[in-house]
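Notes follow the structure.
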Amino acid sequence: MITILGGDVLSALGNKTQQLDLMKAGKYLTVDKSVNVFEQIKTLPYYAIQNNGNFEELFDPIPYLDTLISNLFELHNISEQDRQRCGLFLGCAANDMSLMHPLGSSIKENNPPQFSGSRVGNGVYADRLTIKFGLNPFSLTYNTACTSSSNAILDAATMLEAGVIDYALVIGMEMFASHSFEGFVSMQLLAQQQTKPFDANRDGLLLGEALGALLMSRDDVKLSPWQFCGGSSQCETHSVTGVNPDGSGIAQVIKNALQASNVSEEDITAVKAHGTASNLSDLAEINGMKQVFSQTPSLFSLKPYIGHTLGSCGVSELVIMMQAINNGFIPKTPNFEIQDDEINWTPTQESIPCDSGVFLLNCFGFGGNNNALVVKKDVV
């Protein structure tokens, strides 16, 4: 059995104490971000990291990840010898910022791009972390849009199960990138004030940034009350940008994830929805789950708390959910007010007492990559 030893995350919810306090109260923190799109200044809410440090655009995430990872290794007694048997799996949707940023600027200013001498991308980050912590040379990086770190988790479990490694460090990271922000604005995908998953008046998602780290192993190496049961990742080609609104692609990946996990829909305690609050994405997710679940499951979204953290959301939302369950509750879903008659499902409106169970985690990527994971926490 694949074990999940623990994790940590830097996000708009702040430190662990702040995360729990805000989620219990159903509150969150945003800042205003302004960008120039089509010669107009657009200012919208953004979920910026609220921890101490300098998180300006193009900040170096490695010192912050160093702290998260060091604390994880110390907490779980991962020795230097253990680290040599630990692979690294890193997911991030904004790949190679050192190229994209100057390219974007050159297009705006109609000038040749000015590239710096040092490249910064997923592979560079992976190499730096591998060297820093003396990890196994086996590492993989992922850029599958919003499913990047979810797919990293799935592959980490596969490599652990095959005995290629004994530990897996899975990183999900996404930092503010003006070109991404501008792209979402230009496609009119962002909400004006609040992100409202599954609400009748939802008007789009809001972006966020997060750095997350997850440590995994096997039960013959190190035990944990948290286990990874299984999952599935599939691509659908309904459109260039996303999933089929009828939910058929989503239903298939959830069914495959449940089958791979040897659990039925009746076994699911709650669903951590992708819940972006975009009109078609929310509709497709519910339509897909209606083809799997005979009764409405407990359903919640974490994006009103940390925003849509794109490539980081797989790891970051799993870690935040685990922290909530470890502290005895399933979070409420903020900003839901009016039920959408076409959806007819309501996410959690109050915190639900819960300290164990089987959980389905949905994650669906821009471009049609769908991912579903199943994790379990035993009664301690």
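Screening Asp378 on (1) under 25 Å from Asp155 (Cα atoms); (2) in contact with a helix residue (DSSP H, G or I) (Cβ under 9 Å, 6 or more places away or on another chain); (3) open to solvent by 30 Å² or more (accessible area, probe 1.4 Å) shows it passes everything except condition (2). Within the bounds of the range 46-65, is there any residue that is under 20 Å from Gly121 (Cβ atoms), open to solvent by less than 30 Å² (accessible area, probe 1.4 Å), in a helix (DSSP H, G or I) and modelled with pLDDT of 95 or more? Among the residues of the range 46-65, at least one is under 20 Å from Gly121 (Cβ atoms), open to solvent by less than 30 Å² (accessible area, probe 1.4 Å), in a helix (DSSP H, G or I) and modelled with pLDDT of 95 or more, which makes the answer yes.
Residues considered: Gln259, Gln252, Gln323. Of these, the only one that is in a helix (DSSP H, G or I), within 19 Å of the chain's Cα centre (by Cα), at pLDDT 95 or above and surrounded by fewer than 21 Cβ atoms within 10 Å (Cβ to Cβ) is Gln323. Among residues of the range 222-249 being crowded, with 21+ Cβ neighbours inside 10 Å and in contact with an Asp or Glu (Cβ under 7 Å, 6 or more places away or on another chain), the one that is modelled with the lowest pLDDT is Val243. Considering the range 179-201, and only residues there that are touching a Lys or Arg at 6+ places or on another chain (Cβ under 7 Å) and open to solvent by 10 Å² or more (accessible area, probe 1.4 Å), the residue that is farthest from Val35 (Cα to Cα) turns out to be Lys196. Scanning the range 262-285 for residues that are open to solvent by less than 40 Å² (accessible area, probe 1.4 Å) and farther than 20 Å from Leu206 by Cβ yields Val263, Glu265, Ile268, Ala270, Val271. Applying the selection to the range 33-64, what residues are in contact with a Phe, Trp or Tyr (Cβ under 8 Å, 6 or more places away or on another chain) and at positive phi? Listed by number, the list holds a single entry, Gly53. Filtered by the rule that a residue be over 15 Å from the mean Cα position of the chain (by Cα) and under 29 Å from Ser278 (Cβ atoms), the range 207-230 gives Phe228, Cys229, Gly230. Among the residues of the range 292-315, those that are polar (S, T, N, Q), within 19 Å of Gly26 (Cα to Cα) and crowded, with 24+ Cβ neighbours inside 10 Å comprise Ser301, Thr309. For the condition hydroxyl-bearing (Ser, Thr, Tyr), over 18 Å from Phe184 (Cβ atoms) and in contact with a Gly (Cβ under 9 Å, 6 or more places away or on another chain), Thr276 does not qualify. Residues that are touching a strand residue (DSSP E or B) at 6+ places or on another chain (Cβ under 9 Å) and open to solvent by 80 Å² or more (accessible area, probe 1.4 Å) were ranked within the range 1-35; the one that is farthest from Glu182 (Cα to Cα) is Met1. Only residues that are closer than 30 Å to Leu160 by Cβ and more than 20 Å from the chain's Cα centre (by Cα) were counted in the range 27-85, giving 16. Taken over the range 335-367, the criterion of being under 18 Å from the mean Cα position of the chain (by Cα) and crowded, with 19+ Cβ neighbours inside 10 Å is satisfied by Phe359, Leu360, Leu361, Asn362, Cys363, Phe364, Gly365, Phe366. Restricting the range 142-178 to residues that are more than 21 Å from Ala48 (Cα to Cα) and of a type in the set (D, E, K, R), the residue that is surrounded by the fewest Cβ atoms within 10 Å (Cβ to Cβ) is Glu161. Please count how many residues of the range 75-104 are outside any loop (DSSP other than H, G, I, E, B) and either at pLDDT 70 or above or open to solvent by 70 Å² or more (accessible area, probe 1.4 Å) (or both). Number of matching residues: 13.
The values are calculated or read from the model by the stated rules, or taken from the named source; none is laboratory data. What you are looking at is a predicted structure, and each value in this text was computed from that prediction instead of being measured. Methodologically, a virtual Cβ is constructed for each residue, glycine included, from the backbone with ideal geometry; neighbour enumeration extends over all protein chains shown. Keep in mind that these areas ignore ligands, DNA and RNA; they rest on the heavy atoms of the full protein, side chains included. Shrake-Rupley method; radii C 1.70, N 1.55, O 1.52, S 1.80 Å.
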